[in-house]
Amino acid sequence: MKVALVHEWLTVIGGSENVFKEIASLYPEADIFTLVAREETIKKLKLDGHKVTTSFIQKLPFAKTKYRSYLPLFPLAIEQFDLSGYDMVISSSHAVAKGALTNSNQLHICYCHSPIRYAWDLHHQYLKESGLNKGIKGFIAKYLLHRIRIWDIISTNRVDYFIANSNYIARRIKKIYGRDSVVIYPNVATEDFLPVFKKEDYYVTCSRFVPYKKIDLIVKAFAQMPDKKLFVIGEGPDFKKVSKLAAPNTVLLGYQPFDVMKQYMAGAQAFVFAAEEDFGILPVEAQACGTPVIAFGKGGALESVVENKTGMFFYEQSADAIKESVKQFELNKASFNNEDISRHASSFSTQVFKNQMLEFINEKLSTK
């Protein structure tokens, strides 16, 4: 059986790339198709044993770093891949990968991380943050996103079966595409973490510094709690903005290697998470360390965190809500069992993910 694997880009390593890596490990002979790639990223993901084909975007100026600027070309580029010689196509999609052209004799399974966020759920937020909500440039951007939405709906029919990375995304798939999906949670390398039972007197958060992660709210909340210490790991466009909000009890550590991040996670009283994520890998990694999570009660966190057993929720993205939740956690932290928290995280392990993926794919192959 010839298998083709499709992913938008292989330039940086994030949650979707780690999912794609594990899907690829199930089919070591499969060929990979991606809009743009960097050799070092392919090697780090251990995908260099596969034949990797890139699109014409790879040859455009600054494509390896500024590929998002070529968004209007993505649908055309993904359709240029000739997949006609493959029996099965598995797309890993958060933008256009699901739109690869397939025929009626092929099985196309899409692992959907999310429908295109900046064309649907985050449309207005994306335009506002990019300064494209008015003027001539704004009009052009709105028109292009309108065209992408039309293409996105049309290309949905090229997928035989959808897999969603959470119930949260399954609802989005149903709402936007009108399609049912099965939920298989993304792989988390829980085996790389060991539970730590003796916690130190600090809190931690970790994220890329971009607006929707709401790191600024966490830092503001702890500025109002001078007796609590907070470590913040990560970097990104909002780093300077957030650093101006930090009180003396908050330490911005910037980017840290995995082992350092893991140590801070493992020793913390709790991991604070304020984003509305599709799933959210970091809260699961924190739980794998036996560390409780204080999370915004919307999105994927509701599926990975068990309230009052592995963490607590706040239901408003505000500094006051975070502050109140930390206070409640302080009153109840003795009730959290670090070993139980770690055991819960193991249900999201890489092996569980691979087993569920294989079971689903083999079932669909048997009925084809």
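Just a few scattered comments:
- Considering HIS124, HIS108, the condition of being buried (at least 20 other Cβ atoms within 10 Å of the Cβ), free of Cβ contacts under 8 Å to residues at least 60 places away in the same chain and in the same structural domain as LEU10 (by TED's automatic domain parsing) is satisfied by HIS108 alone.
- For beta carbons closer than 6 Å, sequence separation of 6+ or different chains, a first residue in the range 240-264 that is without any contact (Cβ under 8 Å) to a residue 40 or more places away in the chain and under 30 Å from VAL188 (Cα atoms) and a second that is assigned to a helix (DSSP H, G or I) and of a type in the set (Gly, Ala, Ser), the qualifying pairs are LEU252/SER243.
- Any hit, the range 287-307, residues being assigned to a helix (DSSP H, G or I), touching a Ser or Thr at 6+ places or on another chain (Cβ under 8 Å) and within 20 Å of GLU191 (Cβ to Cβ): yes
- In the range 26-55, residue surrounded by the most Cβ atoms within 10 Å (Cβ to Cβ) [restricted to those that are basic (Lys, Arg) and assigned to a loop (DSSP other than H, G, I, E, B)]: ARG38
- Tabulated pairs, the range 207-220, first over 21 Å from PRO248 (Cα atoms), second among the acidic types (Asp, Glu) and part of a helix (DSSP H, G or I), C-beta under 7 angstrom, 6+ apart or interchain: PRO211/GLU129
- Some residue of the range 88-97 being more than 29 Å from LYS364 (Cβ to Cβ), surrounded by 15 or more Cβ atoms within 10 Å (Cβ to Cβ) and either within 21 Å of the chain's Cα centre (by Cα) or in the same structural domain as ASP160 (by TED's automatic domain parsing) (or both): no
- Of the helices (runs of 4 or more DSSP H) lying entirely inside the range 311-368, those carrying at least 1 residues that are among the small types (Gly, Ala, Ser) and surrounded by 18 or more Cβ atoms within 10 Å (Cβ to Cβ) are 319-332, 338-345.
The values are calculated or read from the model by the stated rules, or taken from the named source; none is laboratory data. Computed from a predicted model, the values in this text were never measured in an experiment. Note that each Cβ is placed from the backbone with ideal geometry, even for glycine, and that neighbours are counted across all protein chains shown.
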